[in-house]
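Down below is the structure, laid out as structure tokens.
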Amino acid sequence: MATLLAEFDTAHCGPVADAQLDSYGQCLATASADGCVRLWDVREPSDPRFLADLGGHAGAVHQVCWAPVEVGVLLASACSDGCVVIWGRGAHPGEWQVVRREDLSKHGAVQALSWAAAEHGAVLACACADGYVAVLAHDGVFCSGAEAEHLWIFCGGEAFQAHPCGDAVAVSWASPPTVDRGPSSPGLGGLKGARFATAGGDGVKVWRWDDAASCWAAESADVPADLAAPTRDVAWRAWDGIREMLASVHGQTVVVWTGRDAGKAGLEQWRVETRVAIESEVWKVEWADTGNVLLVSCGLDGQELVVVKQQLRRGRWDVMKVGVKGA
């Protein structure tokens, strides 16, 4: 039984589209259709404290995403106006400023964001409404007089078409590789072995950074015809030392994929391991930090949380609804 610690009014003037805790679980960022991002101190869950209102967008904010703490205190936000804004702390306590604003409006709304593991540097993948994905990387600081300018570059070109059918809606990075990546500085030098998965109008795709060609290469997959269809979400499980796994959302079903060595260029061959029926519309899926456990957000009239857990001996997946005490 989960316990409800607190509920509070965010004072947004529109629906809250996303809410994300930082790595320490101390600062909550909320994104809303009113075009604002708000920050809250939740170290005392029963008494959240308002910190800042970040109003740098001209449309509904779809998602917010905190960067790994190792690369700095950075928060990215994605908007229907086609802009991605990266926020950082200002010179004074409680002050936040725009570190980078990237206009991707020619690709439509930016619908999803995900930061790569810190081992790759400050690297952010952005999924757009026309099926294109752009990967931004911090490439150092240029000092001109008293001012310092943060330099950002696109990895592999401005953007690439991940989903020809359009509507890229989710992106999730793999765990960092254990092999030598070469230079550890931010930017392209840290992308060796980088991989991420995307979900869009034509299903799930998996991408690997090709160091020689300086571009993102697709990994092969055995995709059943019914899964080459609109997919709502994708999540890459943290590496367990045995095999790679993905989870994707298709209507009322969560699909678990496994990867195996395809024998050339280090690429994976992906296939469906199992399909788990949830009996309700599924919207988001996330792997728990420990074991083969999925946290599934579902429901139409009201949001429900479902836990999907793999049995250790038989490998079957059990579906368990989570009640909320105090709701």
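If only residues of the stretch 274-319 that are open to solvent by 80 Å² or more (accessible area, probe 1.4 Å) and in contact with a Cys (Cβ under 9 Å, 6 or more places away or on another chain) are counted, the one that is modelled with the lowest pLDDT is Glu279. In this entry, Val206 is excluded by the filter for residues that are under 17 Å from Leu294 (Cβ atoms), among the β-branched types (Val, Ile, Thr) and in a strand (DSSP E or B). A Cβ distance below 8 Å, combined with a sequence gap of six or more or placement on separate chains, defines the contacts here; from the stretch 10-29, residues that are on the phi > 0 side of the Ramachandran plot reach residues that are open to solvent by less than 80 Å² (accessible area, probe 1.4 Å) and part of a loop (DSSP other than H, G, I, E, B) in the pairs Gly25/Val42.
The rows are residues; the columns are (1) outside any strand (DSSP E or B); (2) open to solvent by less than 60 Å² (accessible area, probe 1.4 Å).
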position: Gly193; (1), (2): yes, yes
position: Phe196; (1), (2): no, yes
position: Trp216; (1), (2): no, yes
position: Pro230; (1), (2): yes, no
position: Ser248; (1), (2): no, yes
position: Val272; (1), (2): no, yes
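Rundown of residues vs (1) in contact (Cβ under 8 Å) with a residue 60 or more places away in the chain; (2) more than 21 Å from Val234 (Cα to Cα); (3) in contact with a strand residue (DSSP E or B) (Cβ under 9 Å, 6 or more places away or on another chain), yes/no style:
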position	(1), (2), (3)
Leu54	no, yes, yes
Val61	no, no, yes
Trp66	no, no, yes
Leu74	no, yes, yes
Arg101	no, yes, yes
Gly108	no, no, yes
Gln111	no, no, yes
Ala116	yes, no, yes
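Please determine whether any residue of the stretch 13-20 is acidic (Asp, Glu) and assigned to a strand (DSSP E or B). Scanning the stretch 13-20 turns up at least one residue that is acidic (Asp, Glu) and assigned to a strand (DSSP E or B). I'm checking my understanding of the structure. Among residues of the stretch 49-87 that are open to solvent by less than 30 Å² (accessible area, probe 1.4 Å) and part of a loop (DSSP other than H, G, I, E, B), which one is modelled with the lowest pLDDT? Among those residues, the one meeting the criterion is Gly56.
The values are calculated or read from the model by the stated rules, or taken from the named source; none is laboratory data. This is a predicted model, so every value here is computed, not measured. Every residue, glycine as well, gets a Cβ built from its backbone with ideal geometry; the counts of neighbours run over all protein chains shown. Areas reflect the complete protein model, heavy atoms only, side chains present, ligands, DNA and RNA absent. Shrake-Rupley method; radii C 1.70, N 1.55, O 1.52, S 1.80 Å.
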